[in-house]
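The values are calculated or read from the model by the stated rules, or taken from the named source; none is laboratory data. Because the structure is a prediction, the values reported are computed rather than measured. Because the Cβ atoms are built from the backbone with ideal geometry, glycine has one as well, and the counts that use them run over all protein chains shown. In case anyone asks, the SASA skips ligands and DNA or RNA and just uses the protein heavy atoms, side chains included. Shrake-Rupley method; radii C 1.70, N 1.55, O 1.52, S 1.80 Å.
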Amino acid sequence: MANIHDIAKRAGVSVSTVSRVLNHNPYVSESKRAAVQRVIEELDYTPNRSAVDLIRRETRSIGVIMPYNNNQAFDQLLHGVLNGSVERDYTVTVLPTKYDAVKELDCLNMLKKKQLDSIIIASRSNAWDAIIPYTKYGTIIACEFTDHPEIGCAYIDRYGSYVETFQLLKNKGHSRVAFTTARGEESNSTQLTLKAYRQVFGDFLPEYHIRDCYGIDDGVRAAQCLLHSDRRPTAVYANGDEVAAGIYQYARSIELAVPDDLAIIGQENQPIGIGLQLSTVNHQLVKVGEQAFYLAIEKSKAKIEIPYHILVRQSI
């Protein structure tokens with residue numbers, strides 16, 4: 001099997017010139033670059049990726065920690081990261097954790113092993129105190145706001161969006177408002193939702209908070225719990241458009257009119273929500289993912305806020 005010494009001898013150049021060509025160094029004459037490329041093709045030479053990485057002192061690989069990838073919100077974040085990776089010729093490794101804190105730390109340890117240049121955290125289970133020590137091995141970017149100076153972040157003002165959404169429902173005359181979340185109070189997003197609800201409406205009935213909602217079936221389950229209550233809510237803020245679609249589907253099945261009997265608003269402007277004309281809070285997660293990618297490859301610790309938009313449609 002050919003190596004760079006064989007290529008150098010056959011092309012009539014130095015080994016260092018071959019190395020510069022393989023690493024896309026601009027300081028090589030076009031004639032020498034062409035000669036090296038011609039020999040590489042003739043010998044069907046494939047460079048050893050590990051050796052090239054060692055020379056570059058980088059892998060051009062980014063890891064993305066996410067709990068799972070069968071979720072529209074995380075898929076949108078990942079889509080944004082992949083947009084950037086294709087443009088800049090980086091490899092992206094998806095690191096699913098299912099919110100396992102030990103697994104999450106194992107993924108971060110890939111920075112220490114030099115298997116990745118940077119890691120983007122879409123959602124986490126560990127506290128920042130457990131994550132920050134890994135920043136000495138590589139760049140870590142969060143997809144939520146953090147004021148830790150060691151961590152760059154691309155984020156949206158989730159709390160602001162939750163307050164504005166609940167206030168919108170209140171302004172439309174709703175006082176019995178239910179809501180769904182993915183996780184319980186161990187989740188920062190859930191904590192912000194509860195805080196926003198209390199700011200707008202005060203305390204809430206425990207039965208108005210439905211947890212473990214991720215897709216359409218969970219939306220149906222949430223609706224079954226909420227819509228047969230003696231204190232049936234008049235509006236529901238779902239944590240995703242697929243969840244909102246399940247609520248809509250069940251409400252219609254028991255002959256409730258949307259929005260006259262039940263107002264529904266979801267999140268993330270997903271295709272199913274667009275098709276059903278569901279109101280939604282678009283957190284622009286694709287843009288969050290794109291910005292997180294650029295922060296990662298630039299090894300930046302900047303804090304970049306992406307604006308959200310509330311899209312009012314027929315469902316409220």
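Using only alpha carbon pairs under 8 Å that are at least six residues apart, calculate the relative contact order of the chain and give it in whole percent.
17
Rank these by accessible area, largest first, 1.4 Å probe: Val281, Val13.
Val13, Val281
Ordering His148, His174 by how much accessible area each has at a 1.4 Å probe, largest first, what is the list?
Result of the area sort, largest leading: His148, His174.
Using alpha carbons only, how many degrees (0 to 90, rounded to 10) separate the axis of helix 188-201 from the longest principal axis of the chain?
Once rounded, the angle reads 30 degrees.
Each label point is 7 Å from the Cα along the Cα-to-Cβ direction; what then is the distance between the points at Asn3 and Asp44, in nm?
Result for the modelled spin labels: 2.1 nm.
Quick one: which residues, 5+ away or cross-chain, put their amide H under 5 Å from the amide H of Ala142? H built at 1.01 Å from N.
Close amide H contacts, sequence-distant or interchain: Ile121, Gly152, Cys153, Ala154.
Using a 1.4 angstrom probe and counting only protein chains, how large is the accessible area of Ile40 in Å², to 10?
20
Can you tell me which lysines have their Cα less than 25 Å from the Cα of Lys170? Leave out same-chain residues fewer than eight positions away.
Result set, ordered by chain and number: Lys195.
What does the accessible area per residue of the chain come to in Å², with a 1.4 Å probe and no ligands, DNA or RNA counted?
So the chain comes to 49 Å² accessible per residue, rounded to a whole number.
Please go through the residue pairs Lys113/Lys299; Lys113/Lys287; Lys114/Lys136; Lys136/Lys303 and name each one whose alpha carbons sit more than 23 Å apart in this structure.
Lys113/Lys287
Just read off the accessible area of Tyr155 with the full protein assembly in place, 1.4 Å probe, to the nearest 10 Å².
30
Net charge near Val15: determine it from the other residues with C-beta under 13 Å of the C-beta of Val15, scoring Lys and Arg +1 and Asp and Glu -1.
+3
Using a probe of 1.4 angstrom, how much of the accessible area of the stretch 87-173 is carbon and sulfur, in percent?
47
Ordered by residue, what ³J(HN,Hα) values in Hz, to whole numbers, does the stretch 226-237 give under the Karplus form 6.51 cos²θ - 1.76 cosθ + 1.60, where θ = phi - 60° and Gly and Pro are x?
Ordered by residue, 3J(HN,Hα) equals 8, 8, 10, 7, 4, 10, 4, x, 9, 8, 9, 9 Hz.
For the full complex of protein chains and a 1.4 angstrom probe, list Met110, Met66 by accessible area with the highest value first.
So the residues, ranked largest to smallest area, are Met110, Met66.
Probe radius 1.4 Å, ligands and nucleic acids ignored: give me the carbon and sulfur share of the accessible area of the stretch 176-316 as a rounded percent.
Result for the stretch 176-316: 46 percent of the exposed heavy-atom area is carbon or sulfur.
For the chain, find the longest principal axis of its Cα atoms and tell me its angle to the long axis of helix 158-171, 0 to 90°, nearest 10.
Once rounded, one gets 30 degrees.
To check you understand DSSP bridge types, tell me what percent of the beta bridges within the chain (both residues inside) are antiparallel, rounded to 5.
Approximately 10 percent, going by the DSSP bridge assignments.
Against the longest alpha carbon principal axis of the chain, how many degrees, from 0 to 90 and to the nearest 10, is the axis of helix 241-253 turned?
Helix 241-253 sits roughly 30 degrees off the main axis of the chain.
Please work out whether the stretch 61-122 counts as rounded, prolate or oblate from its C-alpha gyration tensor, where a ≥ b ≥ c are the square roots of the eigenvalues and a/c under 1.5 means rounded, while otherwise a/b larger than b/c means prolate and anything else oblate?
The shape class here is oblate.
Around Tyr162, under 11 Å between beta carbons, what's the net of Lys plus Arg minus Asp minus Glu among the other residues?
Neighbour charge sum, excluding Tyr162 itself: +1.
Might you work out the accessible area of Thr135 for me, using a 1.4 Å probe with all protein chains in place, and round it to the nearest 10 Å²?
40
Over the stretch 4-44, what relative contact order in percent results from Cα pairs under 8 Å that are six or more residues apart?
About 41 percent, as a whole number.
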